[in-house]
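Structure first, then comments.
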Amino acid sequence: MSYENIIAEKKGNVGLITLNRPKALNALCDALIKDIGAALDDFESDEDIRAIVITGSERAFAAGADIKEMADYDYMDVYKNDFITKGWTRVASCRKPTIAAVAGFALGGGCEMAMMCDIMIAADTAKFGQPEITIGTIPGAGGTQRLTRAVGKAKAMEMCLTGRMMDAEEAERAGLVARIVPADSLLDEAMQLAEKIASFSGPVSMKVKESVNKAYEMTLTEGLMFERREFHSTFALEDRAEGMKAFGEKRKPAFKHR
Ligand code: CO8
């Protein structure tokens, strides 16, 4: 399928979304958010796709929500439409594993979208920030919440209150990104990671994702119980039987994703 603001491609068992509004540093306008939603719907319903990579350009993953589009909205415009929560939460609600491959600016809604992904890989050029305060507003898609959980209160508070950007090294030290790679190998590294995930059982990786994400929502006791029940449920999968049998037979498992 072709889109106006993104490029969506199926590469084997991986879905690749490239944000593509270079003139606006991939600012996340309403139409782009809708394009991402449609591409994710397509990837989610495609049985062959088992991991998704979202990336931007060398200069910017995304420089935030589209400020020019938002500039004339009033309170009732954003409140009535719940400014535009449905589209913005689509990345977070994706059930298949997602990887954000970030080079250049990931600011405001761009940083928030990257944080909605399950794993973030940063190019050495990446810069993360929540600069909303500099334009008279606050983060609205997780910047005060996911950033705080990822890097702790002190850094999150400093970034949201001053708009200061974090470079890739600081982001890795703080736990925001899984690892840093040279900018020219960012996409290759992200695709290799996605292919690795896609080589395992699809339903099992979905269960891993759901269980890890519950750690943010539940008490330890509830989370451990959720995990245990999900673990039990893998014993209903053909892939669990195949995985353990293959181990005993010293061969690679042939997962059927069921
Ligand atoms: N929105 C619209 N256009 C943008 C944006 C943006 N966020 N960022 C950059 N652009 C445009 C610029 O206007 C410029 O366009 P033009 O050439 O037509 O003037 C073009 O992209 C290139 O940008 P610059 O010339 O500014 O490039 P620089 O290299 O000088 O600077 C920066 C790069 C530092 C990234 C700078 O562009 C900048 O500060 N951008 C804005 C960053 C920002 O404030 N982001 C936060 C936006 S608010 C937000 O994201 C809230 C999300 C809430 C979501 C809630 C949903 C429920």
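For Ala39, the shell of other residues with beta-carbons less than 14 Å away shows a net charge of -2, using +1 for Lys and Arg and -1 for Asp and Glu. With R₀ fixed at 25 Å, the C-beta to C-beta distance from Arg59 to Thr89 puts the FRET efficiency at about 0.40. The mean sequence distance of close C-alpha pairs (under 8 Å, at least 6 residues apart), as a share of the length of the chain, puts its relative contact order at 16 percent. Evaluated with a Cβ-only charge set (Lys, Arg +1; Asp, Glu -1), the range 79-218 carries a dipole of roughly 640 debye about its Cα centre, given to the nearest 20.
In debye, nearest 20: dipole of the chain around its Cα centre with unit charges on the Cβ of K, R (+) and D, E (-)? It would help to have the intermediate numbers written out before the result.
Working: 34 positive and 39 negative charges, 181 e Å.
With only Lys, Arg, Asp and Glu charged at Cβ, the dipole is about 860 debye.
How high is the FRET efficiency from Asp41 to Glu170, r the C-beta distance, R0 45 Å, rounded to 0.05? The calculated FRET efficiency here is 0.80. Seen from Ile138, the other residues with C-beta closer than 12 Å to its C-beta sum to a net charge of -2, counting Lys and Arg as +1 and Asp and Glu as -1. Listed by Cβ neighbour count within 10 Å, with the fewest neighbours leading, His232, His257 appear as His232, His257. Net charge of the neighbourhood of Ala154, taken over other residues with C-beta under 14 Å away and scored Lys/Arg +1, Asp/Glu -1, is +3. GNM on the chain, alpha-carbon springs under 10 angstrom: the most fluctuating residue among Ile54, Ile36, Ile138 is Ile138. Ordering Met218, Ala24, Phe105 by Cα displacement along the dipole of the chain toward the positive end leaves Met218 in first place; charges were set at the Cβ atoms of Lys, Arg (+1) and Asp, Glu (-1). In plain terms, the chain from Thr18 to Asp184 could stretch by 58.2 nm, reckoned as 0.36 nm per residue minus the Cα-Cα distance. Bridgeable lysines around Lys214 (alpha carbons under 27 Å apart, same-chain partners fewer than 8 residues away excluded): Lys34, Lys86, Lys96, Lys153, Lys155, Lys196, Lys256. Please give the helix 186-198 orientation as an angle from the longest Cα principal axis of the chain, in degrees from 0 to 90, rounded to the nearest 10. Once rounded, one gets 40 degrees. Where only DSSP H runs of four or more residues are counted, the chain gives -12500 deg cm²/dmol as its mean residue ellipticity at 222 nm, each run worth -39500 (n - 2.57). Taking the centroid of alpha carbons for each part, the range 1-26 and the range 50-83 are 15 Å apart.
Read-outs throughout are calculated quantities, based only on the coordinates presented, and are distinct from any laboratory measurement. Since the model is a prediction, treat every value here as computed from it, not as a measurement. Using ideal geometry, Cβ is built from the backbone for each residue, glycine included, and neighbour counts are taken over all protein chains shown.
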